[in-house]
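First up is the structure itself, then whatever we jot down about it.
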Amino acid sequence: MYPLNIKQVCLGEGRPKICVPVMGETEGVIVSQARRAADSPAELVEFRADAFIGAKDTGRLLNVLKELGRILGEKPLIFTFRTKKEGGVSDIAFQDYAAMAEAAAACGICDIVDVEVFMDGPVISERIHDLIGRLRRKGVYVLASNHDFKKTPEKDAIVRRLWAMDAAGADILKIAVMPVSRKDTLTLLEATAEVYDAPVKKPLVTMAMGGLGLMSRLCGESFGSAMTFGAVGRTSAPGQMEAGRLKDVLDAVHHTINTIDGTIGQTE
């Protein structure tokens, strides 16, 4: 299933695709941010529903999603409710979290739904497995996510988490960590490369956050990460670069990789 074709975006082929967040508290701010995202170089947009004060009102939520769909057109939309434990704005009970995710999946506007797969602990629980299955049956892709804003786990722990996401049935596997040293960023990249080269053939989205991790957002094509996050105003995590500048860097890296690959063997 690798790569994934989502609307006009091929996730897992070519350079990493850029995703930008929409994180408004009110409908007006969300619409304004969405228009900026639509005009940006980003290939995907993530709606961070945890920032929206009306997210738990199904009617308001669906109205916002309809407006996002109208504004974004062919840009794939990721629906995310990021919990406080993993760096989000709001807390939420699991039953509300699941109901919101299913409503987003069923509305026909969202292409990808984010699920925090370790919210019940270090092992993916049965109810998370069930939620992933229900979402996929509604016709959306599931992005399994895990965020550690305090540290970078050991390489083997990162690899195990990504494999567990795959085993749970997710379509896209995402992990973000916080480095406290340069070595931590290398650990994240090494884990990414190991999973990318393994039998798990699903798009990976990995990043080290903050200034120490910035390089991981730029060199994903060399290590196996298929998507990176930029910004068109408000950022959703530390270390995100402005989307236009990010595209310039990613394009330069992609061009150089292709140029080098195309000349290998010509001078040997």
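Based on the alpha-carbon gyration tensor of region 1-145, what equivalent-ellipsoid semi-axes (square roots of 5 times the eigenvalues) come out, in whole Å, largest first? Present the calculation step by step, with values, prior to reporting the outcome.
Values: eigenvalues 98, 76, 38 Å².
The equivalent ellipsoid of region 1-145 has semi-axes of 22, 20, 14 Å.
Peptides 185-195, 146-156 ranked from most to least packed, by the mean per-residue count of other Cβ atoms within 10 Å: 185-195, 146-156. Cross-link check: pairs LYS75/LYS202; LYS85/LYS247; LYS17/LYS202; LYS66/LYS202; LYS66/LYS138; LYS155/LYS201 evaluated at a Cα-Cα cut-off of 24 Å; pairs beyond the cut-off: LYS85/LYS247; LYS66/LYS202. In the elastic network of the chain, a GNM with C-alpha springs shorter than 10 Å, the most mobile of ALA226, ALA38, ALA167 is ALA167. Here region 106-241 was treated as a single set of alpha-carbon atoms; its pair distances binned every 5 Å from 0 give 2, 11, 21, 22, 20, 14, 7, 2, 0 percent.
Considering only beta bridges that DSSP places wholly inside the chain, some 10 percent are antiparallel. Charge dipole (Cα centre; +1 on Lys/Arg Cβ, -1 on Asp/Glu Cβ; no other charges) of the chain amounts to roughly 420 debye. Springs between alpha-carbon atoms under 10 Å, Gaussian network over the chain: tell me which of ALA106, ALA243, ALA208 tops the mean-square fluctuations. Of ALA106, ALA243, ALA208, the Gaussian network model singles out ALA106 as fluctuating most.
A short reminder: the numbers here are calculations on the coordinates, not readings from a lab. Just so you know, these numbers come straight off a predicted model, no measurement behind them. Because the Cβ atoms are built from the backbone with ideal geometry, glycine has one as well, and the counts that use them run over all protein chains shown.
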